Amino acid sequence: MAYKFVDNYREKGARKKLVEILKERGISDAKVLRAIAKVPRHFFFDETFWNQAYRDIAFPIGDGQTISQPYTVAYQTELLHIQKGDKVLEIGTGSGYQTCILMELGAEVFTIERQSNIYARTIKVLPGMGYHAHFFLGDGSKGIEQHAPYNKIIVTAGAPFVPELLLKQLRIGGILVIPVGDEKSQKMITVIRVSENEYDRIELDTFRFVPLVGDQAW
Ligand code: SAM
(Lines give C-alpha, C1' and ligand atoms only; values in the text may rest on other atoms or scores of the structure.)
Protein backbone atom coordinates (compact mmCIF):
# COMPACT_ATOMS: atom_id res chain seq x y z
CA MET A 1 0.00 0.00 0.00
CA ALA A 2 1.42 3.39 -0.95
CA TYR A 3 1.82 5.71 2.01
CA LYS A 4 -0.06 9.00 1.84
CA PHE A 5 2.99 11.10 2.69
CA VAL A 6 5.76 11.97 0.26
CA ASP A 7 9.41 11.24 0.82
CA ASN A 8 11.39 13.16 -1.78
CA TYR A 9 14.89 14.62 -2.21
CA ARG A 10 14.31 17.29 0.44
CA GLU A 11 13.51 14.79 3.22
CA LYS A 12 16.21 12.36 2.06
CA GLY A 13 18.74 15.19 2.15
CA ALA A 14 17.59 16.18 5.63
CA ARG A 15 18.12 12.58 6.79
CA LYS A 16 21.67 12.60 5.40
CA LYS A 17 22.38 15.75 7.43
CA LEU A 18 20.88 14.11 10.52
CA VAL A 19 23.21 11.12 10.04
CA GLU A 20 26.18 13.51 9.95
CA ILE A 21 25.02 15.11 13.22
CA LEU A 22 24.73 11.68 14.85
CA LYS A 23 28.22 10.73 13.63
CA GLU A 24 29.60 13.92 15.17
CA ARG A 25 27.87 13.00 18.44
CA GLY A 26 29.64 9.62 18.47
CA ILE A 27 27.30 7.15 16.76
CA SER A 28 29.58 4.97 14.66
CA ASP A 29 27.69 1.76 13.81
CA ALA A 30 27.27 1.91 10.01
CA LYS A 31 24.18 -0.32 10.03
CA VAL A 32 22.42 1.90 12.59
CA LEU A 33 23.29 5.02 10.61
CA ARG A 34 21.98 3.38 7.41
CA ALA A 35 18.69 2.62 9.19
CA ILE A 36 18.40 6.26 10.34
CA ALA A 37 19.08 7.36 6.74
CA LYS A 38 16.31 5.07 5.49
CA VAL A 39 13.32 5.51 7.86
CA PRO A 40 11.23 8.61 7.01
CA ARG A 41 10.93 10.20 10.46
CA HIS A 42 8.60 12.92 9.13
CA PHE A 43 5.89 10.25 8.63
CA PHE A 44 5.51 10.24 12.43
CA PHE A 45 4.78 13.97 12.56
CA ASP A 46 1.73 15.98 11.74
CA GLU A 47 2.42 17.66 8.36
CA THR A 48 2.48 21.08 10.07
CA PHE A 49 5.64 20.03 11.94
CA TRP A 50 7.58 18.32 9.14
CA ASN A 51 10.26 21.01 9.44
CA GLN A 52 11.03 19.63 12.93
CA ALA A 53 11.34 15.96 11.90
CA TYR A 54 15.07 15.91 11.09
CA ARG A 55 16.28 18.00 14.01
CA ASP A 56 18.04 15.96 16.68
CA ILE A 57 15.28 16.56 19.21
CA ALA A 58 12.46 14.63 20.92
CA PHE A 59 9.02 15.90 19.86
CA PRO A 60 5.51 15.65 21.39
CA ILE A 61 3.28 13.00 19.78
CA GLY A 62 0.22 13.73 21.95
CA ASP A 63 -1.09 12.23 25.19
CA GLY A 64 1.94 13.59 27.09
CA GLN A 65 4.36 11.35 25.17
CA THR A 66 7.23 12.00 22.76
CA ILE A 67 8.96 10.53 19.73
CA SER A 68 12.48 9.92 21.07
CA GLN A 69 15.42 12.07 20.00
CA PRO A 70 17.23 10.47 17.01
CA TYR A 71 20.48 10.43 19.04
CA THR A 72 18.77 8.46 21.82
CA VAL A 73 17.24 5.99 19.34
CA ALA A 74 20.63 5.49 17.66
CA TYR A 75 22.42 5.20 21.03
CA GLN A 76 20.07 2.53 22.40
CA THR A 77 20.03 0.65 19.08
CA GLU A 78 23.83 0.60 18.91
CA LEU A 79 23.98 -0.95 22.39
CA LEU A 80 21.67 -3.78 21.32
CA HIS A 81 24.06 -5.09 18.59
CA ILE A 82 21.12 -6.33 16.53
CA GLN A 83 21.74 -9.38 14.34
CA LYS A 84 19.40 -10.35 11.49
CA GLY A 85 16.60 -12.53 12.89
CA ASP A 86 17.02 -11.35 16.50
CA LYS A 87 13.80 -11.58 18.46
CA VAL A 88 13.48 -8.16 20.11
CA LEU A 89 11.05 -7.03 22.82
CA GLU A 90 10.48 -3.26 22.78
CA ILE A 91 8.71 -1.72 25.77
CA GLY A 92 7.10 1.63 24.92
CA THR A 93 6.10 1.54 21.23
CA GLY A 94 5.21 5.25 21.20
CA SER A 95 5.27 6.57 17.63
CA GLY A 96 6.87 3.35 16.35
CA TYR A 97 9.96 5.12 14.98
CA GLN A 98 12.34 3.02 17.11
CA THR A 99 10.43 -0.11 16.02
CA CYS A 100 11.11 0.71 12.35
CA ILE A 101 14.82 1.24 13.03
CA LEU A 102 15.02 -2.19 14.72
CA MET A 103 13.18 -3.80 11.81
CA GLU A 104 15.51 -2.15 9.28
CA LEU A 105 18.32 -4.00 11.06
CA GLY A 106 16.53 -7.30 10.49
CA ALA A 107 14.96 -7.81 13.93
CA GLU A 108 11.60 -9.47 14.53
CA VAL A 109 10.02 -6.96 16.91
CA PHE A 110 7.47 -7.59 19.66
CA THR A 111 6.47 -4.13 20.82
CA ILE A 112 4.13 -3.14 23.66
CA GLU A 113 2.47 0.21 24.47
CA ARG A 114 0.29 0.96 27.51
CA GLN A 115 -1.67 3.94 26.11
CA SER A 116 -4.53 2.79 23.90
CA ASN A 117 -4.79 5.90 21.71
CA ILE A 118 -1.05 5.85 20.91
CA TYR A 119 -1.28 2.10 20.27
CA ALA A 120 -4.30 2.58 17.96
CA ARG A 121 -2.45 5.18 15.89
CA THR A 122 0.81 3.25 15.61
CA ILE A 123 -0.73 -0.07 14.58
CA LYS A 124 -2.16 1.77 11.55
CA VAL A 125 0.88 3.90 10.65
CA LEU A 126 3.58 1.20 10.69
CA PRO A 127 1.91 -1.42 8.47
CA GLY A 128 1.03 1.46 6.10
CA MET A 129 4.79 2.08 5.81
CA GLY A 130 5.51 -1.62 5.32
CA TYR A 131 6.71 -2.40 8.86
CA HIS A 132 4.89 -5.44 10.24
CA ALA A 133 5.85 -5.73 13.90
CA HIS A 134 3.93 -7.75 16.51
CA PHE A 135 1.93 -5.09 18.40
CA PHE A 136 0.65 -5.44 21.96
CA LEU A 137 -1.39 -3.18 24.21
CA GLY A 138 -0.62 -3.42 27.92
CA ASP A 139 1.91 -3.04 30.70
CA GLY A 140 5.32 -3.89 29.26
CA SER A 141 7.10 -3.60 32.62
CA LYS A 142 6.20 -7.28 33.06
CA GLY A 143 7.48 -8.12 29.57
CA ILE A 144 5.51 -10.44 27.28
CA GLU A 145 5.97 -13.85 28.83
CA GLN A 146 4.24 -15.88 26.12
CA HIS A 147 6.81 -14.92 23.44
CA ALA A 148 9.94 -15.13 25.63
CA PRO A 149 12.88 -15.65 25.51
CA TYR A 150 14.17 -12.64 23.56
CA ASN A 151 17.63 -12.05 22.12
CA LYS A 152 17.32 -8.37 22.97
CA ILE A 153 15.04 -6.18 25.11
CA ILE A 154 14.84 -2.39 24.82
CA VAL A 155 12.93 -0.16 27.22
CA THR A 156 12.17 3.31 25.82
CA ALA A 157 10.80 4.86 29.05
CA GLY A 158 12.59 5.69 32.31
CA ALA A 159 12.38 2.94 34.94
CA PRO A 160 12.99 3.19 38.72
CA PHE A 161 14.80 -0.18 38.67
CA VAL A 162 15.50 -3.09 36.30
CA PRO A 163 12.33 -5.25 36.36
CA GLU A 164 13.17 -8.82 37.41
CA LEU A 165 10.63 -10.26 34.94
CA LEU A 166 12.50 -8.67 32.02
CA LEU A 167 15.77 -10.28 33.12
CA LYS A 168 14.03 -13.67 33.20
CA GLN A 169 12.69 -13.19 29.65
CA LEU A 170 16.15 -12.55 28.22
CA ARG A 171 17.85 -15.43 26.39
CA ILE A 172 21.28 -16.45 27.74
CA GLY A 173 23.75 -14.23 25.86
CA GLY A 174 20.98 -11.67 25.34
CA ILE A 175 21.15 -7.92 25.98
CA LEU A 176 18.74 -5.64 27.82
CA VAL A 177 19.02 -1.85 27.39
CA ILE A 178 17.04 0.24 29.89
CA PRO A 179 17.23 3.79 31.29
CA VAL A 180 17.09 3.65 35.11
CA GLY A 181 16.89 6.53 37.58
CA ASP A 182 14.42 9.02 39.04
CA GLU A 183 11.80 11.12 37.22
CA LYS A 184 14.35 13.78 36.25
CA SER A 185 17.26 11.76 34.88
CA GLN A 186 18.23 8.19 34.17
CA LYS A 187 21.44 6.31 33.46
CA MET A 188 21.43 4.03 30.44
CA ILE A 189 22.00 0.51 31.69
CA THR A 190 23.06 -2.48 29.63
CA VAL A 191 22.52 -5.92 31.14
CA ILE A 192 23.94 -9.04 29.49
CA ARG A 193 22.58 -12.41 30.62
CA VAL A 194 25.74 -14.46 31.00
CA SER A 195 24.15 -17.69 32.29
CA GLU A 196 20.93 -18.91 33.91
CA ASN A 197 21.57 -16.86 37.07
CA GLU A 198 24.38 -14.46 36.13
CA TYR A 199 24.00 -11.00 34.66
CA ASP A 200 26.67 -8.39 33.78
CA ARG A 201 25.53 -4.81 34.27
CA ILE A 202 27.15 -1.73 32.73
CA GLU A 203 26.11 1.85 33.54
CA LEU A 204 26.51 4.42 30.76
CA ASP A 205 25.42 8.01 29.97
CA THR A 206 22.61 10.10 31.45
CA PHE A 207 19.31 10.69 29.61
CA ARG A 208 15.82 12.01 30.35
CA PHE A 209 12.89 9.79 29.36
CA VAL A 210 9.16 9.88 30.07
CA PRO A 211 8.40 7.48 32.95
CA LEU A 212 7.81 3.74 32.61
CA VAL A 213 4.43 3.36 34.31
CA GLY A 214 3.28 -0.05 35.48
CA ASP A 215 3.34 -2.94 37.87
CA GLN A 216 7.15 -3.30 37.77
CA ALA A 217 7.76 0.45 37.31
CA TRP A 218 6.52 3.85 38.59
N1 SAM B 1 10.69 4.88 21.13
C2 SAM B 1 9.49 5.61 20.94
C3 SAM B 1 9.51 6.37 19.66
O4 SAM B 1 10.46 6.22 18.89
O5 SAM B 1 8.56 7.10 19.41
C6 SAM B 1 9.29 6.61 22.04
C7 SAM B 1 8.70 6.03 23.22
S8 SAM B 1 8.16 7.21 24.40
C9 SAM B 1 9.63 8.01 24.86
C10 SAM B 1 7.83 6.07 25.72
C11 SAM B 1 6.55 5.27 25.54
O12 SAM B 1 6.50 4.31 26.59
C13 SAM B 1 5.29 6.11 25.68
O14 SAM B 1 4.50 5.96 24.53
C15 SAM B 1 4.60 5.54 26.92
O16 SAM B 1 3.19 5.55 26.85
C17 SAM B 1 5.15 4.12 26.93
N18 SAM B 1 5.10 3.43 28.22
C19 SAM B 1 5.31 3.90 29.48
N20 SAM B 1 5.19 2.91 30.39
C21 SAM B 1 4.89 1.78 29.69
C22 SAM B 1 4.63 0.42 30.07
N23 SAM B 1 4.66 0.01 31.34
N24 SAM B 1 4.36 -0.47 29.09
C25 SAM B 1 4.32 -0.09 27.78
N26 SAM B 1 4.54 1.18 27.37
C27 SAM B 1 4.83 2.10 28.31
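Can you give me the % of accessible surface on the chain that is carbon or sulfur? Probe 1.4 Å, all protein chains present, nothing else counted.
On the way: 5400 of 10460 Å².
Carbon with sulfur: 52 percent of the solvent-accessible area.
As a test, work out the antiparallel percent of DSSP beta bridges whose residues both lie in the chain, rounded to the nearest 5.
On the way: 17 of 36 bridges.
Of the beta bridges lying entirely in the chain, close to 45 percent run antiparallel.
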Self-check item: Solvent exposure, largest accessible area first (probe 1.4 Å, DNA, RNA and ligands not counted), of Ser28, Ser195
Solution: Ser28, Ser195
Practice problem: Quick one: which residues, 5 or more positions from Glu90 or on another chain, have an amide H under 5 Å from its amide H? H modelled 1.01 Å from N in the peptide plane, none for Pro or chain starts. | Solution: Phe110, Thr111, Ile112, Ile154
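Just the number please: accessible area per residue for the chain, 1.4 Å probe, all protein chains included, in Å².
Details: 10460 Å² over 218 residues.
Accessible area per residue: 48 Å².
Just to be sure I understand the rule: take each whole DSSP H helix in the chain, project its Cα atoms onto its long axis, keep it if the span is 18 Å or more and its mean Kyte-Doolittle hydropathy is at least -1.0. Which ones pass?
Working: long enough: 9-24 (23 Å, -1.17); 116-129 (20 Å, 0.29).
Span-like helices in the chain: 116-129.
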Quiz prompt | Note, ³J(HN,Hα) from phi for segment 148-159, Karplus 6.51, -1.76, 1.60, rounded to Hz, x at Gly and Pro | solution = 6, x, 10, 6, 9, 10, 10, 10, 10, 9, x, 9
Practice problem: Using the Karplus curve 6.51 cos²θ - 1.76 cosθ + 1.60 with θ = phi - 60°, work out ³J(HN,Hα) for each residue of segment 196-211 in order, rounded to whole Hz, and write x for Gly and Pro. | Solution: 3, 10, 10, 10, 9, 10, 10, 9, 10, 6, 9, 9, 9, 10, 5, x
Quiz item: Mind listing the phi-derived Karplus ³J(HN,Hα) values for segment 179-186, rounded to whole Hz, using 6.51, -1.76 and 1.60 with θ = phi - 60°, and x for any glycine or proline?
Solution: x, 10, x, 9, 5, 8, 8, 9
Practice problem: With an 8 Å cut-off on Cα pairs and a minimum separation of 6 or more residues, tell me the relative contact order of segment 63-207 in percent. | Solution: 19 percent
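How high is the FRET efficiency from Tyr199 to Lys84, r the C-beta distance, R0 35 Å, rounded to 0.05?
Numbers: r = 25 Å, r/R0 = 0.72.
Given R0 = 35 Å and the Cβ-Cβ separation, E is 0.90.
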Exercise. Kindly rank 53-66, 88-101 from highest to lowest mean number of other beta carbons found within 10 Å of each residue.
Key: 88-101, 53-66
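How much length is gained on full extension from Leu137 to Arg34, taking 0.36 nm per residue of separation minus their Cα-Cα distance?
Values: separation 103, 0.36 × 103 = 37.08 nm, distance 2.95 nm.
My answer for the length gained is 34.1 nm.
Which order do peptides 150-157, 138-145 fall in by mean Cβ count within 10 Å, highest first?
Working: 150-157: 25.1, 138-145: 19.5.
Put in order of decreasing packing, that is 150-157, 138-145.
The values are calculated or read from the model by the stated rules, or taken from the named source; none is laboratory data. The structure presented is a predicted model; accordingly, all values stated were derived computationally and were not measured. FYI the Cβ positions are ideal-geometry reconstructions off the backbone, even for glycines, and counts take in every protein chain you see. The accessibility values were calculated without ligands, DNA or RNA, using every heavy atom of the protein model including side chains. Shrake-Rupley method; radii C 1.70, N 1.55, O 1.52, S 1.80 Å.
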